[in-house]
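Here the structure is laid out as structure tokens; the discussion comes afterwards.
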Amino acid sequence: MAEPPESSVTCGPGDRTASALASRTVGRLLDVLAGRRPLHQIRHWVSAPVAGFLAAMVRGRSTADPVYHLRSVHACLTSARTVEACAVIADTRRVRALTIRLERQSTQWSCTMLAFV
């Protein structure tokens, strides 16, 4: 069966897998931001701009490691090779949204966009 054209891809049952992928990725990103995991451990799962953003965030944090709680993840498979997701993140001071874009790069998924809202 042929793939549907990208313009007709909608959110649906495949999003459960997209949500699981996004949840795992956000967990890894939060581990780096909280100081529980070094950036080099996830470097092959993120693009160079995302790695640079994470490195700057880690360098700019205070001496106390932040505590992040992942409240929810909402993901949509926007094409056969792209997932866009929003995660609700809580720390000790506030609740924020974290948006990510995951793209299939040959044999693995890579986080190519990361932004706090």
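Each reported figure results from applying straightforward, stated rules to the coordinates on display, with no laboratory input. Predicted, not measured: the structure shown is a model, and the values here were computed from it. Don't worry about glycine lacking a Cβ; one is built from the backbone with ideal geometry, like all the others, and counts go over all protein chains shown.
Quick one: would you say THR99 is surrounded by fewer than 13 Cβ atoms within 10 Å (Cβ to Cβ), on the phi < 0 side of the Ramachandran plot and polar (S, T, N, Q)? Taking the combined requirement at face value, the residue does not satisfy it. For the range 40-60, the set of residues classified as surrounded by fewer than 17 Cβ atoms within 10 Å (Cβ to Cβ) and of a type in the set (Val, Ile, Thr) consists of VAL58 only. Scanning the range 65-117 for residues that are among the aromatic types (Phe, Trp, Tyr) and free of Cβ contacts under 8 Å to residues at least 40 places away in the same chain gives TYR68, PHE116.
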